[in-house]
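For reference, the structure discussed in these notes is given below.
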Amino acid sequence: MRMLLGVGLLVWSCGAWAADAAGALRAIRSYTAGQSRQGLAAVQALVGAVTSEAARQELAAALAAELRSDATADAKRFVCAQLSLVAGDAEMPALAACLRDKELAHAARAALERIPGAAASAALRAALPGAQGAELAGVINSLGVRRDAEAAKAIAPFLGDARIEVVESALDALGNIGTAESGGRFAADPFAR
């Protein structure tokens, strides 16, 4: 009987937790910088209170769904930061989509830098071909922060780029990656045209 009551309380608390998360996320959709951070604090508290893998998955999925909602850019940047703490492979497509949005690219990259696992690195590598200007330099930097050895070959051609910020990012990234292959990329003069 006690076991049944304990399981019933656990199911009830998970349902109540999920309702709290949904309500808190709806409440921050209209958030813009300078407004009260009370709603953001409620979401942060939920993220900090995750104690099980099932709860982490559920909250991460709800956060990722907010990136596809009509939430403000400020709210979505906040959501990216929270995803950096709880996201798994399933949330990578939502964060990868943000890499193509100039307002969200930096926040998405910061999240992907922190999320463990190969899927985050793969999302950044996949963004390289379509990235331009500052976003390209940022993606290269993020791959360097992650020390993604698989990215060395894709980053190397940017050593000869015409934009100095891209060349600097490629140099830094290859240095951070620090493998024999990435180090070998420095053998040629990157400034020779």
Along the charge dipole of segment 21-176, pointing to its positive end and built from +1/-1 on Cβ of Lys, Arg, Asp and Glu, which listed residue (L63, G160, L40) has its Cα farthest out?
L40
Proportion of all alpha-carbon pairs of segment 70-132 beyond 17 Å (%)
29
Suppose we keep just the alpha-carbon trace of segment 16-138; what are its Rg and Dmax in angstrom?
14.0, 45
Take E58, E91 and sort them by solvent-accessible surface of the protein heavy atoms, 1.4 Å probe, largest at the top.
E58, E91
Residue by residue through segment 23-34, the couplings from Karplus 6.51 cos²θ - 1.76 cosθ + 1.60 with θ = phi - 60°, in Hz, x for Gly and Pro, are x, 5, 5, 4, 5, 9, 4, 9, 4, 10, 3, x
Please list 3J(HN,Hα) in residue order for segment 61-72, calculated via the Karplus relation 6.51 cos²θ - 1.76 cosθ + 1.60 where θ = phi - 60°; whole Hz, with x for glycine and proline.
5, 5, 5, 4, 4, 5, 5, 9, 8, 8, 4, 5
Just by accessible area at a 1.4 angstrom probe, what is the order of I155, I164 from largest to smallest?
I164, I155
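The values are calculated or read from the model by the stated rules, or taken from the named source; none is laboratory data. Just so it is clear, the model here is predicted, and its values are computed rather than measured. Counting neighbours? That spans all protein chains shown, and the Cβs are built from the backbone with ideal geometry, glycine included. We work out accessible area using only protein heavy atoms, side chains counted, and drop any ligands, DNA or RNA first. Shrake-Rupley method; radii C 1.70, N 1.55, O 1.52, S 1.80 Å.
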